[in-house]
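Asks: Got a structure for you, questions after.
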Amino acid sequence: MIAIHDLHKAFKGHEVLKGIDLTVKKGETVVIIGPSGSGKTTFLRCINLLEFPDSGSIQIGDRALTFQPGIRHRSKEVTAFRQRTGMVFQGYNLFPHRTALENVMEGQIVVLKRPKEEAREIAMDLLRKVGLEAHADKYPHQLSGGQEQRVGIARAMAMNPDVILFDEPTSALDPELVGEVLKVMKDLANEGMTMIVVTHEMRFAREVADRVIFMDDGRIVEQGTPEDIFDCAQNQRTRQFLRRLTEA
Ligand SMILES: Nc1ncnc2c1ncn2[C@@H]1O[C@H](COP(=O)(O)OP(=O)(O)OP(=O)(O)O)[C@@H](O)[C@H]1O
Ligand SMILES: [Mg+2]
């Protein structure tokens, strides 16, 4: 379903991704953990081409792109590729002057060219799914952080992506709001959505992840089931990172 091969990315000569290989099966939930600056966000941004990798290849479903320095892909190709992925960020990035419902409709109308009424129906269904039916007509500033984040998830789902990428979706939330967002993500995983999630929510990772990946210094250092990683990590750096995380 997703096959990433030897992905490299540098910023001004500073290599941030040093050859990442990752395959993700349809319906799999992969959690990525790792220290600050290890390249987790850059990796996700490369998968949906918010950043262009310097080299390597990415395949999502039946679309594949190979990257080489100096070679630019046609924008049509990039747009089509980007549509295969949905992204949910740490901050919510909702349009401030549109309601929850309009936020979930927007991309469907503009990008997928769905008729307005159909987009509205789909958006309402998705808002219902994330428990926000009653808040459809509210503007982002009238919603809690957890509610905004759930709108963000509904908005990503509305585009029918092959995979949803989450970058620390709960780390900006007050502790009491974290659970409602993780619950929506858990439901999504149980329904068979393919997800790559950067998070340090260990309980979520244990309950929901099929696989946990530890990244350090631009590389995947170790991966395995949550039990493999959390209970019997083999690599010294993984163990050290988890120890610090538990202490904090
Ligand atoms: N647009 C950019 N320009 C220059 N350097 C960047 C850019 N984006 C990221 N970096 C650098 O790349 C490295 C990896 O950053 P990245 O944000 O991917 O790490 P991360 O693992 O997501 O960290 P965190 O846990 O703090 O979110 C850092 O050294 C960062 O300063
Ligand atoms: Mg990050």
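Asks: Go through region 29-60 and give me each residue that's of a type outside the set (Gly, Ala, Ser) and out of contact with any helix residue (DSSP H, G or I) (no Cβ under 9 Å at 6 or more places or on another chain). Lay out the reasoning, then the answer.
Replies: Filtering region 29-60 down to residues of a type outside the set (Gly, Ala, Ser) leaves 29-33, 35, 40-54, 58-60.
If the condition is that a residue be of a type outside the set (Gly, Ala, Ser) and out of contact with any helix residue (DSSP H, G or I) (no Cβ under 9 Å at 6 or more places or on another chain), then Val30, Lys40, Thr41, Thr42, Phe43, Leu44, Arg45, Cys46, Ile47, Asp54, Gln59 are the ones that fit.
Asks: I would also like to ask the following. Residues that are under 24 Å from Val181 (Cβ atoms) and at pLDDT 90 or above: does region 53-60 have at least one? Break it down into steps so the answer makes sense when it comes.
Replies: Applying the first criterion (under 24 Å from Val181 (Cβ atoms)) to region 53-60 yields none.
No: zero hits.
Asks: Across region 102-140, what is the number of residues that are in a helix (DSSP H, G or I), in contact (Cβ under 8 Å) with a residue 12 or more places away in the chain, aliphatic (A, V, I, L, M) and more than 24 Å from Glu176 (Cα to Cα)?
Replies: The total comes to 6.
Asks: Do you know which residues across region 9-47 are assigned to a strand (DSSP E or B) and hydroxyl-bearing (Ser, Thr, Tyr)?
Replies: Thr23, Thr29
Asks: May I ask you to say which residue of Glu201, Glu148 is within 16 Å of ligand 1 (Cβ to nearest atom) and buried (at least 21 other Cβ atoms within 10 Å of the Cβ)?
Replies: Glu201
Asks: I'm told Ile58 meets every condition in (1) surrounded by fewer than 19 Cβ atoms within 10 Å (Cβ to Cβ); (2) more than 16 Å from ligand 1 (Cβ to nearest atom); (3) part of a strand (DSSP E or B) except one. Can you identify the failing condition by its number?
Replies: (1)
Asks: So, one more: Output the residues belonging to region 11-47 that are within 9 Å of ligand 1 (Cβ to nearest atom) and among the small types (Gly, Ala, Ser).
Replies: Gly34, Ser36, Gly37, Ser38, Gly39
Asks: Could you tell me how many of the residues in region 144-169 are more than 16 Å from ligand 2 (Cβ to nearest atom) and part of a loop (DSSP other than H, G, I, E, B)?
Replies: So the answer is 6.
Asks: Can you tell which of Lys26, Lys18 is touching a Ser or Thr at 6+ places or on another chain (Cβ under 6 Å), more than 16 Å from ligand 2 (Cβ to nearest atom) and at pLDDT 95 or above? Show your work before the answer.
Replies: Details: Lys18 fails: touching a Ser or Thr at 6+ places or on another chain (Cβ under 6 Å).
Result: Lys26 is the single residue among Lys26, Lys18 that is touching a Ser or Thr at 6+ places or on another chain (Cβ under 6 Å), more than 16 Å from ligand 2 (Cβ to nearest atom) and at pLDDT 95 or above.
Asks: Restricting to region 90-101, name every residue that is out of contact with any Ser or Thr (no Cβ under 9 Å at 6 or more places or on another chain), in contact (Cβ under 8 Å) with a residue 40 or more places away in the chain and crowded, with 16+ Cβ neighbours inside 10 Å.
Replies: Residues satisfying the conditions are Tyr92, Leu94, Thr99, Ala100.
Asks: Among the residues of region 192-248, which ones are assigned to a strand (DSSP E or B) and either free of Cβ contacts under 8 Å to residues at least 12 places away in the same chain or basic (Lys, Arg) (or both)? Quick ask: steps written out before the conclusion?
Replies: Restricting attention to region 192-248, the residues satisfying the condition of being assigned to a strand (DSSP E or B) are 194-198, 211-216, 219-224.
Listed by number, the residues that qualify are Arg211, Arg219.
Asks: For Leu143, indicate whether it is more than 20 Å from Gln108 (Cα to Cα) and either in contact (Cβ under 8 Å) with a residue 24 or more places away in the chain or crowded, with 23+ Cβ neighbours inside 10 Å (or both).
Replies: It is true that Leu143 is more than 20 Å from Gln108 (Cα to Cα) and either in contact (Cβ under 8 Å) with a residue 24 or more places away in the chain or crowded, with 23+ Cβ neighbours inside 10 Å (or both).
Asks: Let me ask something else. Taking into account only those residues within region 65-89 that are in contact (Cβ under 8 Å) with a residue 12 or more places away in the chain and in a strand (DSSP E or B), which is surrounded by the fewest Cβ atoms within 10 Å (Cβ to Cβ)?
Replies: Step by step, filter region 65-89, then rank; the result is Leu65.
The values are calculated or read from the model by the stated rules, or taken from the named source; none is laboratory data. Being a predicted model, the structure only gives us computed values, none of them experimental. FYI the Cβ positions are ideal-geometry reconstructions off the backbone, even for glycines, and counts take in every protein chain you see.
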